[in-house]
1. Take A:Y195, B:Y4, A:Y97, B:Y201 and order them by how many other Cβ atoms sit within 10 Å, fewest up front.
2. Under 20 Å from the 7 Å Cα→Cβ point of A:A52, by amide nitrogen: which residues of segment B:203-221?
3. What aspartates and glutamates could a cross-link reach from B:K115, if we take a straight Cα to Cα line under 16 Å and drop same-chain neighbours fewer than 8 places away?
4. Sort B:F84, A:F39 so that the residue with the fewest other Cβ atoms within 10 Å of its own Cβ comes first and the one with the most comes last.
5. Going through the DSSP H helices of chain B, which span 24 Å or more along their own axis at the Cα atoms while scoring at least 1.6 as a mean Kyte-Doolittle hydropathy?
6. How do B:M18, B:M171 rank when sorted from fewest to most other Cβ atoms within 10 Å of their own Cβ?
7. Have a look at A:L22, A:G73, A:F56 and report the one farthest towards the positive end of the charge dipole of chain A, computed about the Cα centre with Cβ charges (Lys/Arg +1, Asp/Glu -1).
8. With θ taken as phi - 60° and the coefficients 6.51, -1.76 and 1.60, list the Karplus ³J(HN,Hα) couplings across segment B:132-142 in order, rounded to whole Hz; mark glycine and proline as x.
Amino acid sequence: MFNTALSWSDLAFLAQGAGMTLAVTAVSVAAGTVLGILFGVIRFQVGPYWAAPLTFVLDVFRSVPLLIQLVLGNALQAIMKLGWAPFTTSCVVLSLYTAAYCTEIVRGGIDSVPTNTRRAARSLGMSWFQDMRYIVAPLAVRVSLPSWIGLTLGVMKDSALVLWLGLIELLRASQILVTRLQEPLFILLICGAIYFIISLPIARLGGYLEKRWSPND
Amino acid sequence: MFNYTFHWNQALKALPQMLDGALVTLQIALLSMIIGMAIAIALTLFRLSGNRLLGGFATAWVEVARNTPALFQIYMAHFGLGNFGIHLSPFVALLVGIAFNNAGYLAENFRGALKAIPETQTRAGRSLGMTSLQAFRLIVMPQMLRVAFLPATNQMVWAILMTSLGVTVGMNTDLAGVTQELNARSFRTFEFFAIAAVIYYVIAKAVTLAARVFAARMFRY
C-alpha cells in the first residue's frame, strides 16, 4: 500500500546533512555569542552616541536578507582572493548575523541590572571587571538566556540558506534525494520532522526557563 | 589586496529594473501579511474555542511554522504540494510559504497579547448580551491587535526579508530574483547584490518608520 524507493543509505545521507546543519549552527552560534557579548558590552559601556557606528553596522545585518548577505560574503571573499571554502564563508556570515542579534540580547540583559546594585558592588571595592563578572553576569544571564535560546533556534533554521553557497546541509540533502527519487512530499516531510525534532525540545526548554526565571512570578 | 575593478555603472543602469522588483517584493510581503493576519486571528479563535480538535489544529500549525525553516515551508508549498497534483507557480508558492509562516508567528504574538486583556472584559461583554463571537470581535480583538501591533511590525520586516527566498524556487520578478537574473547575465555579483542589499535596507527601515508614525497617530490617548 505504501512503498518508497528511500533506502537506509539515503537516510544516512539525510543524517549527514543534519550533521552539517548542526555543525554550521554550533560554530556560528559560538562565534556569534562571543562577538555579541563583546559588542554588547562595548555598546553599553560607551553609550549610544559613540556606539552609533557599531549600532548602524549591526542594524544592517538585521535588515538585509541573510541570503543576500551570504551571496555578498561569498563574492567578497572571492574578490579578496581569500579562497575560503563554502563552509568557512557560511560560518563567518552566519556568525556576524548571530552577533548582530546577540548584541541586542546582551545589551538588554546588562540594562536590566539595576544601577544601584552595580554601584553597591563598586562601593565595596570591586573593580569594573569584578563587577561585570560577579554581579552583572549572573543577573543578566537570567534575563537573556531565554531569548538567547530563541536566537540559537533561529540561527539553526536560518542555516538552511547556506545551501545557496553549495553546502550540503539537511534541506539541500533532501532536495538532492527529491531530485533522484521523485517523492517530494515524503522526503520533505522527513526533513521537516528532523528539523522539528531538533528544535522542539530546545524551544520547550527555553519556554520552561522563561517561566521559571521570570521575575515576580 | 583588491585586484579587482568594480563596475558600479553597469549595476546602476539596472536600478529601474531592480526597483520594479522591489515593488513586487513589497507586494508579496503585504499580501502574505494580510493573509497571515486573517489566518492568525482564526487560529487564535480556534485556541480560545475550547474545542479539542480545533485547538490542536491551531497548536500544530503554530509549532510547525515556528520550528521549521521558512525555506522548508516554501519548498513544501512548491515541491511538496506537487504530490497532490497541485502545481503552484513560484509567486504563489512563495506567498503560501510566507503566509503560513506569518500566521504561525502572529498567532503566537496574539496569544501573548491576549494575556494583557483581562478575562473580566469578555465576561462583561457577555453579560451585556453579546454572543461570544461579538465579545471577541468588538471588545477583545481591537485591544489584542493594538498590543500586538509592534511585534506584527517586526513580522512585516521579517516577511520582506523572507521574500528573498523566492529565488531558490525560481522566482525571478522580485528584488532577489531580478538581481540573481542580472547577476547570471553579467557575473557582477558583488555590485548587483550590494545594491539589492541597500534597497532591502531602505525598505525595511521605511516600513519600520511608517509603522511607528502610524502607531503614534492611531494609538494616542
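1. Numbers: A:Y195 21, B:Y4 12, A:Y97 25, B:Y201 17.
Least to most surrounded, the residues fall as B:Y4, B:Y201, A:Y195, A:Y97.
2. Only B:205-206, B:209 fall inside the zone, counting backbone N under 20 Å.
3. A:E210, A:D217
4. Fewest to most other Cβ atoms nearby, the residues stand as B:F84, A:F39.
5. Values: long enough: B:15-49 (50 Å, 1.66); B:90-115 (38 Å, 0.73); B:189-218 (43 Å, 1.43).
Sorted by number, the helices that extend far enough and score high enough are B:15-49.
6. Values: B:M18 21, B:M171 26.
Least crowded to most crowded, the residues run B:M18, B:M171.
7. A:F56
8. 5, 5, 4, 4, 5, 5, 8, 10, 6, 4, x
FYI, it's all coordinate maths here, none of it is from the lab. None of the values given here were measured: they were computed from a predicted structure. Because the Cβ atoms are built from the backbone with ideal geometry, glycine has one as well, and the counts that use them run over all protein chains shown.
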